[in-house]
Amino acid sequence: MNAFYYRRNELYAESVLVSRLAERYGTPLYVYSRRHIQAQYRALAGAMAEVRPLICYSVKANTNAAVIRTLAAEGAGADVVSGGELFRALRAGVPVSKIVFAGVGKTGEEIEYGLRRGILFFTVESEPEIRRIAACAERLGRTARIAARVNPDVDPATHAHITTGEKENKFGVALQDVRGLCRLAARLPGIEIAGIHMHIGSQILSAAPFAEALRRTRELCAELKRAYPSFRYLDIGGGIGIDYRPGQKPLLPETYARQVAPALKKLGISVVLEPGRFLVGNAGLLVCRVQHVKHSPHKTFIVVDAAMNDLIRPLLYEAYHEVLAVRRGRRAIRADLVGPICESGDFLALDRDLPAAREGDLLAMRSAGAYGFAMASTYNSRPLAAEVMVDGRKSFLVRRRQTWRDLVRDEVIGN
């Protein structure tokens, strides 16, 4: 569904005027659509129904408790990559039996937290990590379920900063080394081999790389299933791409399912999926207000009150976010959309046809629900934006705007 649309040239979030949200909650403001998140989850679950996957929402995409709870209410688990994300998932109501813990550098403290709470399994990425988990499990008298992360060396045809399944990446273990890793794990105390895991990248718009990764790992999966009675999960990660640009074709759940579900069904084991961006990316807007328009001999700059600290994706990934006028009507102008931070890299859009905005006008960055607020910072001592959830005709604050006092609350002035 498209939760954000125009009616009589006014931008709506579901059934709520975006301009009214900005008036009530201020700007910069993140706005999320609950119904979009629900629709995305149901579409993916429906497309993959023949293998009945456990869909573990990738919490790093958007860590807001209201977002996590919305998905937990749909039946989702959580894919976490830190102790903090595990804490967030549990706090938002995700059953611990549906939580998987990934990441290349888990600390002993984080591992013990996961063991005490009884998560489904840890994804493991190296021999030292397995030994650390085994030591933690033995110390606590617990059993740690693990899934070895396979690096299938597949090119996902996405941005270089979000590829994770090629041999040059820091993630996972080479396909030929997984058997040895599992043999080591089987000899260690407190370890149960629960499955294997793979994740080849993010924002992938073709199902072919997923099918190729599965083709490369299915024989290994069948072999490990025969070798270890506890082996019962194949976690195929996430990475399903969405449309950021007008006219861009997203990877539809049914297209994805046609490529991967038949092979998964033949393996006859439990499937775990870890979507993040697919569920929440197009569920969010970043709303900002124009401070002024600056004209130079060479370029026009639209200066707004949102900045790279609010949305770093354009700088970090050269990412495109469609810019919408909250009140549509004026012609477009060629300009840069920039913020107030003292960095040349503080931009949200470069050399684009943008709404011909004036001081005080509201603009909205589309597709800001994933890796938006979650990657925000307080650089230049700018307080974090507020976040709002919309559900039909209702809206409610899901994170208050940070204040200047909040910025210094944890600081200690020395003697």
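Would you be able to say whether some residue in segment 49-63 is part of a helix (DSSP H, G or I), under 18 Å from Ser395 (Cα atoms), under 16 Å from the mean Cα position of the chain (by Cα) and not assigned by TED's automatic domain parsing to the domain that holds Arg401?
Of the residues in segment 49-63, the ones part of a helix (DSSP H, G or I) are 49-51, 59-61.
Within this subset, residues satisfying the condition of being under 18 Å from Ser395 (Cα atoms) are none.
No, every residue in segment 49-63 fails to be part of a helix (DSSP H, G or I), under 18 Å from Ser395 (Cα atoms), under 16 Å from the mean Cα position of the chain (by Cα) and not assigned by TED's automatic domain parsing to the domain that holds Arg401.
Leu285 - would you say it is of a type outside the set (Gly, Ala, Ser), touching a Lys or Arg at 6+ places or on another chain (Cβ under 7 Å) and within 20 Å of Ala370 (Cβ to Cβ)? When the stated conditions are applied, Leu285 passes them.
On the stretch given as segment 231-242, residues that are farther than 11 Å from Leu273 by Cα and in contact with a helix residue (DSSP H, G or I) (Cβ under 7 Å, 6 or more places away or on another chain) total 2. Only a single item in (1) within 30 Å of Cys288 (Cα to Cα); (2) within 17 Å of the chain's Cα centre (by Cα); (3) buried (at least 23 other Cβ atoms within 10 Å of the Cβ) is not met by Ala102, and it is number (1).
Here's the yes/no breakdown for (1) assigned to a strand (DSSP E or B); (2) surrounded by fewer than 19 Cβ atoms within 10 Å (Cβ to Cβ):
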{"residue": "Val272", "(1), (2)": "yes, no"}
{"residue": "Leu279", "(1), (2)": "no, no"}
{"residue": "Cys288", "(1), (2)": "yes, no"}
{"residue": "Gln291", "(1), (2)": "yes, yes"}
{"residue": "Lys294", "(1), (2)": "yes, yes"}
{"residue": "Phe301", "(1), (2)": "yes, yes"}
{"residue": "Ala307", "(1), (2)": "no, no"}
{"residue": "Leu316", "(1), (2)": "no, yes"}
{"residue": "Tyr320", "(1), (2)": "no, yes"}
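A search for C-beta distances below 7 Å between a residue of segment 1-27 that is surrounded by fewer than 13 Cβ atoms within 10 Å (Cβ to Cβ) and any residue that is among the hydroxyl-bearing types (Ser, Thr, Tyr), counting only pairs 6+ apart in sequence or on different chains, returns Tyr5/Tyr12. Here segment 340-383 is the region considered, the condition is being free of Cβ contacts under 8 Å to residues at least 40 places away in the same chain and assigned to a loop (DSSP other than H, G, I, E, B), and the residue that is farthest from Trp404 (Cα to Cα) is Ala356.
Screening Gly201 against (1) free of Cβ contacts under 8 Å to residues at least 12 places away in the same chain; (2) crowded, with 16+ Cβ neighbours inside 10 Å leaves a single unmet condition, (1). Out of the residues in segment 215-268 meeting the condition of being modelled with pLDDT of 95 or more and of a type in the set (Ser, Thr, Tyr), tell me which one is surrounded by the most Cβ atoms within 10 Å (Cβ to Cβ). Restricting to residues being modelled with pLDDT of 95 or more and of a type in the set (Ser, Thr, Tyr), the top hit is Tyr256.
Of all residues in segment 216-235, those that are assigned to a loop (DSSP other than H, G, I, E, B) have Cβ atoms under 9 Å from Cβ atoms of residues that are exposed (fewer than 15 other Cβ atoms within 10 Å of the Cβ), 6 or more apart or on another chain, in Tyr228/Ala186.
The values are calculated or read from the model by the stated rules, or taken from the named source; none is laboratory data. Note that this is a predicted model, so its numbers are computed, not measured. Don't worry about glycine lacking a Cβ; one is built from the backbone with ideal geometry, like all the others, and counts go over all protein chains shown.
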